[in-house]
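Working notes, beginning with the structure itself.
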DNA sequence: TAACTTTTGTGTACACTTTCACAAAAATAG
DNA sequence: CTATTTTTGTGAAAGTGTACACAAAAGTTA
Ligand SMILES: NC(=O)c1ccc[n+]([C@@H]2O[C@H](COP(=O)([O-])OP(=O)(O)OC[C@H]3O[C@@H](n4cnc5c(N)ncnc54)[C@H](O)[C@@H]3O)[C@@H](O)[C@H]2O)c1
Ligand SMILES: NC(=O)c1ccc[n+]([C@@H]2O[C@H](COP(=O)([O-])OP(=O)(O)OC[C@H]3O[C@@H](n4cnc5c(N)ncnc54)[C@H](O)[C@@H]3O)[C@@H](O)[C@H]2O)c1
């Protein structure tokens, strides 16, 4: 689709810029320079301009960027100019926290369906309005029918690869994984890992060595 | 303590190697080459050797690495040869999930104290055996007394910086932050961000552009 | 219209990370 | 004891991302 390789960090910074721009818009700021934006989100101004340059020219020399315009451009670039339905697999402790999190809506995401291999009262209660709970055996059918492309995996690590294989078969293209295992997926499917164990251990290293 | 600059990615890979080594030990594997370990955890063998080389020589040429020894060496290097007490701030949806997570123990971490500005029955019930719940106003006193160095922040984003300032004053040196804000901390304090909004948006970009 | 100011967009240099490739070391076989 | 095999540890090359620095563009002032 695009001719060259855009680094993944660039994309995550775009997301960061987007958040800053939303804040600026709420504050009533209409125009911002890369220098000011950089200060606000802790990124080098040249880096911001380089990141944007992957996608085109969005600023006005001598002026800066129009907050509203840049925000809309970034949303379009990232595919965030529409709502995305998300599937959640695993309505355990973590899954329930995710279901009750209101912040996703603000980003344009909606967990519209949840799956678990156990369906009990506790889990039914955890599922909010506008989200349906199904038994894990229904995964492929439901996801396929709803054409959902993004899923969150919050099952025990021993089940994660099995679940992911099923998700991929169902047409899922992006997976946010909380289980502490490296998952294998075919080309064309993106996985991002949230690994709290590793995060805590990295912190420990730096705290322990008392440097920096 | 050590002369150099070790990249943060190296540290997170060490943590990954550690996890693989634990699995290998359970499987009864006694010796492993960088090639095999690399295949197991999806890292280039030369990378593994380079990562280890920051800290010394751990292998035997022509043989490989003794699983048990390397595991112990890595634990020592990362400061994981002892238990770490962790403080949790914010016993909301996410905080409760973290409190009930059994996986931290396996890594040698223990959430031994939790704080919230609201203390009610629901929150009291969420706190397991071996963990104490205090009002947020007690934070500095309790953390100082217990000499806790690592904290997890799971409060609303509007409170996060305030909480972090208090944590730093209490002697906390490492912070795992779930609130969607860039935190400012003095030198000597390490912060790692878990930002689910950004993670989902990055996924969306790749899914949306249908490339990789 | 011309001089001046501001800030972008980008070529280039720099820094950091990963991978390659091979000598050195250790074990094993003859 | 020497040759052979294996696999580490590491210098150098390749690759990738970041930051600098400045010409080009747009606006502003006179
Ligand atoms: N809870 C946390 O704070 C936390 C922190 C870090 C990592 N994690 C990881 O997140 C994952 C979930 O953690 P948790 O604490 O919610 O665990 P949990 O045991 O409370 O919940 C897991 C849920 O997944 C369901 N499940 C299991 N296999 C399934 C399958 N094949 N299909 C559908 N549903 C299935 C279970 O019925 C259960 O409801 C684990 O991999 C864990 O390591 C959790
Ligand atoms: N729940 C999720 O799945 C999820 C996902 C992504 C990010 N987050 C982020 O994690 C944070 C917590 O999310 P949540 O869903 O648990 O929110 P929540 O509102 O359920 O819980 C927040 C808790 O923090 C407490 N709190 C607020 N200010 C405090 C203070 N100054 N000192 C001590 N305690 C205080 C509140 O009383 C409440 O119990 C938020 O910043 C949120 O953006 C949560």
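If R0 is 51 Å, the Cβ-Cβ spacing of residue B:106 and residue A:30 corresponds to a FRET efficiency of close to 0.50. When you work out D = kT/(6 pi eta Rh) for the stretch B:84-198 at 25 °C and 0.890 mPa s, using the Kirkwood radius from C-alpha pairs as Rh and the Stokes-Einstein form, the result is 175 µm²/s. Placing pseudo-labels 7 Å out from each Cα toward the beta carbon at residue A:184 and residue A:124 gives an inter-label distance of 4.0 nm. When chain B is treated as a GNM with alpha-carbon contacts under 10 Å, the residue of B:39, B:173, B:117 showing the greatest mean-square fluctuation is B:39.
Take the Kirkwood radius over Cα pairs of the protein assembly as shown, plug it into Stokes-Einstein at 10 °C and 1.306 mPa s, and you get 68 µm²/s for translational diffusion. When chain A is turned onto chain B, its residue with the beta carbon nearest the axis, and that distance in whole angstrom, is A:97, 2.
Dividing the helix sum by the residues of chain A, where each DSSP H run of 4 or more adds -39500 (n - 2.57), gives a mean residue ellipticity at 222 nm of -14000 deg cm²/dmol. With the biggest extent put first, the Cα atoms of chain A measure 60, 48, 36 Å across the principal axes. When chain B is treated as a GNM with alpha-carbon contacts under 10 Å, the residue of B:163, B:118, B:153 showing the greatest mean-square fluctuation is B:118. When chain A is treated as a GNM with alpha-carbon contacts under 10 Å, the residue of A:97, A:136, A:179 showing the greatest mean-square fluctuation is A:97.
Between copies, residue A:66 shows label-point distances of 7.0 nm, shortest first, with the point placed 7 angstrom from Cα along Cα to C-beta.
Nearest 10 degrees, 0 to 90: what angle lies between the long axis of helix A:67-78 and the longest principal axis of chain A (Cα atoms)? Between helix and principal axis, roughly 40 degrees.
For the stretch A:8-77, report the % of Cα-Cα distances exceeding 14 Å. Value for the stretch A:8-77: 53 percent of Cα pairs lie more than 14 Å apart. Could you tell me how many degrees, from 0 to 90 and to the nearest 10, lie between the Cα long axis of helix B:157-169 and the main elongation axis, the longest principal axis, of the Cα atoms of chain B? Long axis of B:157-169 versus the principal axis of chain B: about 80 degrees.
Over chain A, what is the mean sequence separation of C-alpha contacts under 8 Å (at least six apart), divided by residue count, expressed as relative contact order in percent? That works out to 13 percent.
Separation of the stretch B:60-93 and the stretch B:115-161, taken as the distance between their Cα centroids, equals 25 angstrom.
Between the Cα long axis of helix B:8-27 and the first principal axis of chain B there is an angle of about 70°, rounded to the nearest 10. Taking label points 7 Å from Cα along the Cα-to-Cβ direction, residue B:5 and residue A:66 give a separation of 4.1 nm.
Subtract the Cα-Cα distance of residue B:12 and residue B:191 from 0.36 nm times their separation in residues, and report this length gain in nm to one decimal.
63.0 nm
Read-outs throughout are calculated quantities, based only on the coordinates presented, and are distinct from any laboratory measurement. Everything numeric in this text was worked out from a predicted model, so none of it was measured. Heads up, the Cβs are rebuilt from the backbone with ideal geometry, glycines too, and the neighbour counts pull from every protein chain shown.
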